[in-house]
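K.L.:
What follows is a structure written as structure tokens; I'll ask about it next.
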Amino acid sequence: MNIGLLVVYYMPSTESCVQMIYDLAHELTLRGHDPIVITLNSSIPTNVQITDEQGIRVMRVRAGKLKGRTKCVRALTEFRLSRIIWSKAQTYLVEHPLDLIIYYSPSIFWGSLVKRLKEVFDCKSYLILRDIFPQWSVDAGIIKKGLLYRYLKKKELENYDAADVIGVQSPANMEYFITSGLKNRYKLEVLFNWSSLVQSGNIGDRVRSKLGLEKKIIFIYGGNMGVAQDMDNILRLAARLSAEARAYFLLVGDGSEVHRLKREVQKRKLRNVSIHPAVNQEEYMCMVSECDIGLISLDRRLKTQNFPGKMLGYMYHAKPILASINEGNDLEEVLHAHVAGLVSHNGDDETFYNDAMQLIRDPVLRQRMGKSGRMLLEERFSASGAASQILSHFTN
């Protein structure tokens with residue numbers, strides 16, 4: 001089948017979805033399908049750029065930059081995503097029919113484009129839903145239930161309506177559709193995040209030697225640094241561990257909170273924290289391989305569930321996970337059941353601190369939890385399993 005993979009971010013972006021989309025596209029290729037990644041880029045010289053990257057076709061459509069922009073500018077660009085892609089890439093898309101569309105949310109603004117493509121090609125679609133928006137932004141206090149919220153809810157439902165099947169990322173996400181009265185309106189299933197389980201490259205001791213961290217126990221956080229992640233949660237932990245000579249925090253990525261976080265690190269004189277700009281996926285995975293403990297933080301106000309994609313990188317390199325998350329999140333049960341990490345609720349700083357100290361002091365525990373995480377990845381979060389699950393709805 002000719003399969004379109006529609007996603008906002010792709011390489012060289014370091015968003016956690018990028019590696020997942022590549023792994024899925026690669027798996028589809030191995031199975032004899034012809035995937036094309038359809039994505040956005042602000043730096044290409046033409047409206048549309050088609051490339052072959054590691055055996056995968058990639059269509060990049062020129063659009064305004066999303067990351068690092070003001071909320072208003074970013075919102076205006078994102079509101080127009082479907083229109084931008086159709087207006088600039090229509091000729092190529094019509095000449096290269098699709099048999100299946102797999103689209104990834106966020107963003108919630110794919111609905112009109114997917115609906116149009118389904119009409120043009122008479123094909124089916126699968127929504128990989130990884131962001132219950134705008135609900136999480138209400139929970140986090142970013143927006144209120146006014147005119148903007150009602151508009152975003154309309155776009156959210158358009159996004160769902162365009163899908164023949166919706167794959168949510170955890171069982172608890174089903175509750176959102178039940179409580180919203182939407183469960184019977186859509187065909188839903190749980191589709192966990194995934195990884196290809198293919199060994200990445202090795203850059204050696206670059207991070208440790210460059211930063212002089214050879215004798216440190218490094219906590220790494222990789223990915224988006226925004227409101228939903230409550231990065232102050234990590235800074236509070238770093239401040240409490242400032243007297244622990246072995247502990248060091250390496251935060252890698254970008255997002256709306258980065259500049260403020262850098263100011264906070266300087267203001268608090270946190271010498272055990274460094275904020276590193278986003279890097280490509282291979283380099284990031286090599287960073288993870290050199291570190292000791294993977295960090296996850298989620299805002300306590302969130303009501304929706306989240307299995308952060310960064311978790312896959314930690315498990316891939318057999319790193320124990322230290323998580324501070326919103327209550328009721330399925331992630332807590334999964335990590336505890338498989339003994340892959342220590343979990344506390346955001347706001348319980350004492351337990352977060354004690355969990356961190358336990359991992360610092362006990363190298364055997366770190367090793368055991370890391371191995372358990374790797375086993376969990378292989379059992380439940382494989383790209384092969386995700387591809388089989390998606391395709392099972394559209395192949396005989």
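Yes/no matrix, rows are residues, columns are (1) small (Gly, Ala, Ser); (2) under 22 Å from Phe133 (Cα atoms); (3) in contact with a Phe, Trp or Tyr (Cβ under 8 Å, 6 or more places away or on another chain):
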site	(1), (2), (3)
Val273	no, no, yes
Pro277	no, no, no
Asn280	no, no, no
Met285	no, no, yes
Arg300	no, yes, no
Met311	no, yes, no
Tyr314	no, no, no
Leu331	no, yes, yes
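K.L.:
Still on this structure: Does Arg240 satisfy being among the charged types (D, E, K, R), in the same structural domain as Arg374 (by TED's automatic domain parsing) and closer than 30 Å to Val334 by Cα?
P.N.:
yes
K.L.:
Next up: What helices (runs of 4 or more DSSP H) completely inside the range 70-167 contain at least 2 residues that are within 25 Å of Ile44 (Cβ to Cβ)?
P.N.:
Per the criteria, 71-79, 81-95, 111-121.
K.L.:
One residue is enough: does the range 351-372 have a residue meeting the conditions modelled with pLDDT of 95 or more and among the acidic types (Asp, Glu)?
P.N.:
Yes, because at least one residue in the range 351-372 is modelled with pLDDT of 95 or more and among the acidic types (Asp, Glu).
K.L.:
Of the conditions (1) part of a loop (DSSP other than H, G, I, E, B); (2) surrounded by fewer than 22 Cβ atoms within 10 Å (Cβ to Cβ), Lys319 fails just one. Which one is it?
P.N.:
(2)
K.L.:
When you go through Lys124, Lys88 one by one, which is the residue that is surrounded by fewer than 19 Cβ atoms within 10 Å (Cβ to Cβ), within 20 Å of Leu191 (Cβ to Cβ) and in contact with a strand residue (DSSP E or B) (Cβ under 8 Å, 6 or more places away or on another chain)?
P.N.:
Lys124
K.L.:
Looking at Met231, Met174, which is the one that is of a type in the set (A, V, I, L, M), outside the structural domain of Glu350 (by TED's automatic domain parsing), in contact with a strand residue (DSSP E or B) (Cβ under 7 Å, 6 or more places away or on another chain) and farther than 30 Å from Leu30 by Cβ?
P.N.:
Every option except Met174 fails the conditions.
K.L.:
Do we have any residue at all in the range 195-204 that's modelled with pLDDT of 90 or more, surrounded by fewer than 18 Cβ atoms within 10 Å (Cβ to Cβ) and either closer than 27 Å to Ile38 by Cβ or assigned by TED's automatic domain parsing to the domain that holds Asp99 (or both)?
P.N.:
There is no residue in the range 195-204 that is modelled with pLDDT of 90 or more, surrounded by fewer than 18 Cβ atoms within 10 Å (Cβ to Cβ) and either closer than 27 Å to Ile38 by Cβ or assigned by TED's automatic domain parsing to the domain that holds Asp99 (or both).
The values are calculated or read from the model by the stated rules, or taken from the named source; none is laboratory data. Keep in mind it's a predicted model, so treat the numbers as computed, not measured. Cβ sites come from the backbone with ideal geometry, for glycine too, and all protein chains shown count toward neighbours.
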